[in-house]
Amino acid sequence: MKIHEYQGKELFRRYGIPVPIGVPAMNVDEAIAAVDKVQKESGTDVVVVKAQIHAGGRGKGGGVKVCMNKADAEAAIKEIYGMQLVTHQTGPEGQKVSRLLIEQGLDIKHEYYLGMTLDRSLGRVSVMVSTEGGMDIEEVAAKTPEKIVKVPVNPITGWQPNQTRQLVSVLGLTKEEAKPFGKFLNQLTKAYMEMDCSLLEINPLITTNDGRVMALDAKVNFDSNALYRHKELDAWRDLAEEDAAEVEAQKYNLSYINLDGTIGCMVNGAGLAMSTMDIIKHYGASPANFLDVGGGATAEKVTAAFKIITSDSRVKGIFVNIFGGIMKCDTIAEGVVTAVKEVGLKVPLVVRLEGTNVELGRKILNESGLAVTSASDMADGAKKIVELSK
């Protein structure tokens, strides 16, 4: 689960992590009013107008403007709000800006990169830093990987003072900056662990000319599997920023990820789903989705899954690939028949059933009167749907 920058900074404030004075706004009038509030609280006329979308690269796309006075801020607000912001992470279609963050301007001494995520090679959360703050970290990693330093966090002892000293040396911080930086790291690692984050990224982390260490940005992702422990985060979800099909799938506890291919897949079991995507690719097409209906799916759940697949206009064919264990083949067949009768069938449909109640499942499909192509095995099914979809 992703949240906006202003929400990430609200989380940081709760943990005592220094961030600039800022006010979120949901429309132009709120944003203009926020300018006065930020200028008054910060004691400076300089403000920054920031587009709030779930993507990086906003500055390069024109979604972040430094404004020297209120008139400039109002012009920037009217320019950014409602724009279709295109960045390297949104894709060419971009993302409409419907939220803004008005933030105080700061006297920046230096910009750094700071991130936390799980290092799977070590099996531990790692803190990553670089002196190259404000740049795309992917670009830094590709061209100058030696400028990124990683330090793992021991889950038993937590963040240690000697690790702070190591990073102080790496970043070249002064003695005066070292103490607030150490507190910053202690609270950041605490926030990561307690909130079940999957990513905390601050780009840039800044030092100011009056000796402060602050998070000028906040990118926070949470582990979706742990959200049941943080019900308060539901209020921070912005469904307009999420894939509509994935949101619908969550209502039925379906494991669904939208992809960019043309063959819709409905499979039971994550391993079989991945194998199905591989074999579709092998025969010359690409999957439109990952969809695991699970082992104990009901006919209602299968119907919902089928509707989600058919709602994707890019889908040119559908491959249902079921190996019935806990999941019974007749349940799948009933769900498919119900869904097709409700939404219609405008593309080829290939079904491969094997396992529990397979004969009953095949009988249901055969007697349905639907234009269903049967497959003897997975390879046969993949080959047929790729050919039919052409």
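Brief remarks follow.
- Taking the criterion of being loosely packed, with under 14 Cβ neighbours inside 10 Å and either over 21 Å from Met327 (Cα atoms) or among the polar types (S, T, N, Q) (or both), the residues of the stretch 341-366 that qualify are Lys341, Glu342, Gly344, Lys346, Asn366.
- Considering the stretch 1-109, the qualifying helices (runs of 4 or more DSSP H), each wholly inside and each with 2 or more residues that are touching a residue at least 12 places away in the same chain (Cβ under 8 Å), outside the structural domain of Glu201 (by TED's automatic domain parsing) and over 24 Å from the mean Cα position of the chain (by Cα), run over 28-42, 70-80.
- Of everything listed in (1) surrounded by fewer than 23 Cβ atoms within 10 Å (Cβ to Cβ); (2) at pLDDT 90 or above; (3) farther than 19 Å from Asp380 by Cβ, the single unmet condition for Tyr283 is (3).
- Restricting the stretch 174-200 to residues that are outside any helix (DSSP H, G or I) and modelled with pLDDT of 95 or more, the residue that is surrounded by the fewest Cβ atoms within 10 Å (Cβ to Cβ): Leu199
- Just so you know, in the stretch 373-390 the residues that are closer than 13 Å to Asn321 by Cα and β-branched (Val, Ile, Thr) include one that is farthest from the chain's Cα centre (by Cα), and it is Thr373.
- If you go through the stretch 120-147 and keep only what is in contact (Cβ under 8 Å) with a residue 60 or more places away in the chain and in a helix (DSSP H, G or I), you end up with just Ile137.
- Of the residues making up the stretch 235-248, one or more are of a type in the set (Lys, Arg) and out of contact with any helix residue (DSSP H, G or I) (no Cβ under 8 Å at 6 or more places or on another chain).
- Flag for Val66 being surrounded by 20 or more Cβ atoms within 10 Å (Cβ to Cβ) and β-branched (Val, Ile, Thr): no
- Counting only residues that are of a type in the set (A, V, I, L, M), in contact with a strand residue (DSSP E or B) (Cβ under 8 Å, 6 or more places away or on another chain) and surrounded by fewer than 22 Cβ atoms within 10 Å (Cβ to Cβ), the stretch 219-232 holds 0 of them.
The values are calculated or read from the model by the stated rules, or taken from the named source; none is laboratory data. Just so it is clear, the model here is predicted, and its values are computed rather than measured. Backbone-built Cβ (ideal geometry, glycine too); neighbour counts: all protein chains shown.
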